[in-house]
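The structure appears below as C-alpha cells.
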Amino acid sequence: MDESSSRAAILSELIARLRGPAGTGEALKDISAACESARAAGLGSDVEAMAALDRATADLDPILRESALACVSGDLRRYSRILDMLDNVLDLAPLDGINQIYWSMQRQLFLMRMDMGSVPDFISERVLPFYERFLTQISLRLGLAPAARPAGKPATGRVVMVTNQFLSDQHPPSRSLLAQAVRLQRDLDRTVLVLNTNMMPDRYYSPFIPPFAAAVEESLSGDQTIRFGNETVRLLSSAAPGITAEKLNGFFSAVEEFDPDLVIAFGGSVIVADLLASARPLLCIPTTSGQTISLADIVLDYGGRTAPPGDGRLARSWRPFRRGMALREDDGAATRAEFGAPDGAFLFVVVGNRLDVEVDAAFVALLERVLDAVPHGEVLFAGTVDALPRRLAASRHAARLRCLGHVERIGALLPLCDVFLNPRRIGGGGSAAQALASGLPILAFDGGDVASIAGPGFLVGDGNAFFERAVALAADPPLLSRSREDSRRRFAVVRQAESDPNQLPVYMDEVIDLYRMRN
C-alpha cells in the first residue's frame, strides 16, 4: 500500500471510530488510538485530510469532535473553541464534567502534544482566566466560604501544603512534596499539615479525546502520619470522587482548625489551595518547568530562572527559585543480572511514570535507528506500563526493547546503565537528577524538566542529532567516560544552584505581606 492509500485508510478508520460508539471508556480509548495513528501518519498537517475530517464529523458531540481533531493536529485553536463552549454553560454544566475537560487539556499540554505556536498566549490569556472563572463557579454553586484568618492574629509557625495527588514516596512528585515538608519542619521549625485532595478526575465524565483519569491511592484516606527517612509528616487525605461541598468544606475546616500562617500549593491548578487564596496567604511551589497555573501571590520557579513572558498575573507572581531534589538512596550493590540485563550490552535506559504516552511511535522509530547502528545495544524502560509492551513487541528489535515495569531500586539500576534517553516531554526532572548523580549521561531534546536539570551540554536539537550522539557514546568509550564525569559535574552545579535555604522563608514572609495588602 502506498503512502497516499495508507493515509486514506487511516482517515477512513478515524472517521468510522468517531462516528461509532463513544459512551464507554473502551470506546474513547479506541477513538484515541485512531487519533494517534492519524497524528503519527501526519494527517494533522494535511490540509485536505483535516478538511475532510471536519466535514465528516460536523454533527458530532462538539467536545468529542474538537478534542479529537486537536489530538490529531495539535492545534490549540480547537481547545479555544472548547473553552468558549464551556464558558457559555459554565453556570449549568456539571462541575465534574468541566473538571474532566480542564484536566484532559492540561495533560495534553503537559505531555507536549500541542503546538504552542498555534495560540502563543494560550496559557496566560485563555487557560488561567478560565480556571479562575471555573473556581468562582465551584464556590458559588457549592456555597463555599472558607473562613479568613483574622487580621493581626499572632503567627503560629504552621504551614499547610496542598497537593492534587499524593500516591507514595515512590512517586517522584509525592516524594518531592515529602522532602519539602520535612525541610520546612526540620530546617525552618514549622509545623506542617499536608492535604492530599485528589481533585483531578479519577473517572471519565465527558467524551474528551484522549480521556484522562488520575490515579488515586485508596489506602490514603483520613488523618495519617507518613514516615519519610527519619522524619514524619501529617497527611490528611480524601479519596472521595468528584467535586462536592462535603469534601471541600472538610478540607476548609481542617485548615481553619490548624490555623496556618500560610498555605503552599504544591504543583499547578491546585484547586483547594486556590479556593483558599481569598482566606489565607498562598504561595505556589511548581513541580514542573511548564507555565504553572495558580492564583497564588507568589509562584516560585522550577529552576529555569526565566520569568513567564509578558506582564500579566503569571509574570508578576513569578520569583526565581530551584527547590532541593529528593534522590533515592537504595542500599546494597546491584548487578545487571538483577534486572535481566547482560553484562556485555550497551544499556540505554528510559525512565518515567507515563511511558505509555511519552514513548510514542516517533520515539520508538528513533530508538530502532539507534539499535540498528549499535548491535550490542539494549533499551530498558523503567516505569509502570500497560500498552507499551504490546507496541514494542511489533518492533524489529523487540528482543532488545525491554520493559522492566516499576523498578523499586531505581537508584541501584541507573549506575548500571550507560546512557539515559529522554523522549520529548515536560516531566522527568526527578529521574534526570538521579541519573546525573549516578554519573549517567543524559541525552534529551530541549524543553521540559529534564532539559532544565541536564543543562545545555546534554541537549540535542533534533532526531538526527539524537541518533548521532547516542551512536557516538556507544562507539567511543573515552567519550562515554568523559560524559560520565560531565554528568557528575553537572549534578554538582545543579546542587549548588538550589536556592539558599533561607530564601524560602523570605518568600513566605513576602506572601503574607502581599495577602495583608490585598485584604
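The values are calculated or read from the model by the stated rules, or taken from the named source; none is laboratory data. Source: prediction; values computed, not measured. Using ideal geometry, Cβ is built from the backbone for each residue, glycine included, and neighbour counts are taken over all protein chains shown. Quick note on the areas: whole protein, heavy atoms, side chains included, nothing else; ligands and nucleic acids left out. Shrake-Rupley method; radii C 1.70, N 1.55, O 1.52, S 1.80 Å.
A few notes on this one:
- Checking Phe228, Phe208, Phe266 one by one, the residue that is within 19 Å of the chain's Cα centre (by Cα) and more than 30 Å from Arg316 (Cβ to Cβ) is Phe208 and no other.
- Some residue of the range 69-77 being farther than 24 Å from Ser289 by Cβ, open to solvent by less than 30 Å² (accessible area, probe 1.4 Å) and either in contact with a helix residue (DSSP H, G or I) (Cβ under 7 Å, 6 or more places away or on another chain) or not basic (Lys, Arg) (or both): yes
- Considering the conditions (1) open to solvent by 40 Å² or more (accessible area, probe 1.4 Å); (2) part of a helix (DSSP H, G or I), Pro154 is excluded by exactly one of them, (2).
- Among the residues of the range 14-31, the ones that are closer than 16 Å to Leu60 by Cβ, surrounded by 14 or more Cβ atoms within 10 Å (Cβ to Cβ) and in contact (Cβ under 8 Å) with a residue 24 or more places away in the chain come to 6 in all.
- Residue count, the range 454-474 (criterion: open to solvent by 10 Å² or more (accessible area, probe 1.4 Å), under 20 Å from Glu498 (Cα atoms) and in contact (Cβ under 8 Å) with a residue 12 or more places away in the chain): 2
- Residue tally, condition closer than 22 Å to Gln180 by Cα and in contact (Cβ under 8 Å) with a residue 24 or more places away in the chain, over the range 475-494: 3
- When restricted to residues that are of a type in the set (A, V, I, L, M, F, W, C) and in contact (Cβ under 8 Å) with a residue 24 or more places away in the chain, the range 81-105 contains 8.
- Candidates are the residues of the range 278-294 that are more than 21 Å from Ala181 (Cα to Cα) and among the hydrophobic types (A, V, I, L, M, F, W, C); the one that is farthest from the chain's Cα centre (by Cα) is Ala279.
- Flag for Arg489 being open to solvent by 70 Å² or more (accessible area, probe 1.4 Å), at pLDDT 95 or above and closer than 30 Å to Arg424 by Cα: no
- Verdict on Ala58 being part of a helix (DSSP H, G or I), among the small types (Gly, Ala, Ser) and either open to solvent by 30 Å² or more (accessible area, probe 1.4 Å) or within 24 Å of Gln100 (Cβ to Cβ) (or both): no
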